[in-house]
1. Being farther than 24 Å from ALA173 by Cβ, in a loop (DSSP other than H, G, I, E, B) and of a type outside the set (Lys, Arg) is the filter here, so list the residues in the stretch 297-311 that pass it.
2. If you take the residues in the stretch 35-92 that are small (Gly, Ala, Ser) and surrounded by 15 or more Cβ atoms within 10 Å (Cβ to Cβ), which one is modelled with the lowest pLDDT?
3. So which residues in the stretch 150-190 are touching a Ser or Thr at 6+ places or on another chain (Cβ under 7 Å) and either surrounded by 24 or more Cβ atoms within 10 Å (Cβ to Cβ) or farther than 18 Å from VAL120 by Cβ (or both), if there are any at all?
4. Looking only at the stretch 10-18, decide whether some residue is free of Cβ contacts under 8 Å to residues at least 24 places away in the same chain, more than 18 Å from ALA155 (Cβ to Cβ) and either assigned to a strand (DSSP E or B) or more than 21 Å from the chain's Cα centre (by Cα) (or both).
5. Picking from GLY134, GLY118, GLY110, which residue would you name as being out of contact with any helix residue (DSSP H, G or I) (no Cβ under 9 Å at 6 or more places or on another chain) and in a helix (DSSP H, G or I)?
6. Taking the stretch 269-296 as the region of interest, how many residues are in a helix (DSSP H, G or I), free of Cβ contacts under 8 Å to residues at least 40 places away in the same chain and either at positive phi or among the charged types (D, E, K, R) (or both)?
Amino acid sequence: MENYSVSQLQRDMRFEGFLLIRSAEKRKDSKGNDYVDMNLTDRTGEINCKIWNWEPGAPVPETGKPVKVRGTVQEYNGRLQLRVEKWREATENDPLDMNSLVPSAPRSSGDMLQEIRGTVDSFTNETLRKLTNGMLENAGGELSWFPAAQRMHHAERSGLLHHTTDMLRMAKAALEVYPWLNRDLLLAGVIIHDLAKIDELKSDAAGNVADYTRDGQLLGHLVRGITNLNRVADQLDIHGETVVLLEHMLLSHHGEAEFGSPRAPMFPEAEALHWLDMMDARMNTMKTAADKTPEGAFSEKIYSLDRRVYHPKYTEDAE
């Protein structure tokens, strides 16, 4: 049987190979029988599967573990689904390359961290340099591998760094067009705006997010980000408008109340941060969907965009 990546799977294909458990939950079917609903992934994408007639009392497969599965790809409600015929947990003796199973950022975490540190070192505003470095220290070593989301944009190992560095590059380009923006304030906002996702999400070192934390569900990363910033500012004995401006950027970067921001951006750097965040999130979502879709075809519905995504052929004579 030919080996396919998840992004290559299509309806009626046969699949046998190793995948990683992104999530697993025991449920009951219409007759009251137990089954397990699992999402399996490799570095190219994710596919859902159901394991029927689950033995009552048997433990649910552990998130983040590799498994070997065999089955047929089907379509259900417009989405591909793997009908599993046989599965088992992977063993040490299996010819398994974990790098092929974990969706990861396209650049190394070391290079991305160096890019961020270099940007902070370039600040001429000493207060912003101290606050930003303090927030990076507060984030800790998890920043090197932490994802940016559970399922939406940059849901990959080191996805938070990927999102941040792409936004930094866009911000620096925007500053060429709008040189009157406060450079250090905008770049500091980009660097710290999502750091509290480390407090919001439960992730393993492979970048698999199992759920939201207590703080993530009760507060979210916008509010937790402000409390982290206040703690860092107090430790550095920094007070005044600069802290308030950064607080507002954290609070407003989702743009509107529907998406979690109780205040809309109220000064130019905050507005710029919002649209940089939106642009990068949506472009990453679009690219991820297109990469999973054959040329000339439409993806399944992407719920965060509320639409399907078309993968163009990008040729003049395409029909």
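The values are calculated or read from the model by the stated rules, or taken from the named source; none is laboratory data. This structure is a prediction, so every number in the text was calculated from the model and none was measured. Ideal geometry is used to build each Cβ from the backbone, glycine not excepted, and the neighbour counts take in all protein chains shown.
1. Within the stretch 297-311, ALA297, SER299, GLU300, TYR303, SER304, ASP306, VAL309, HIS311 meet the criteria.
2. GLY64
3. Matches in the stretch 150-190: MET152, HIS153, GLU156, ARG157, SER158, LEU161, LEU187, ALA188, VAL190.
4. No: the stretch 10-18 contains no residue that is free of Cβ contacts under 8 Å to residues at least 24 places away in the same chain, more than 18 Å from ALA155 (Cβ to Cβ) and either assigned to a strand (DSSP E or B) or more than 21 Å from the chain's Cα centre (by Cα) (or both).
5. Only one candidate qualifies: GLY118.
6. 2
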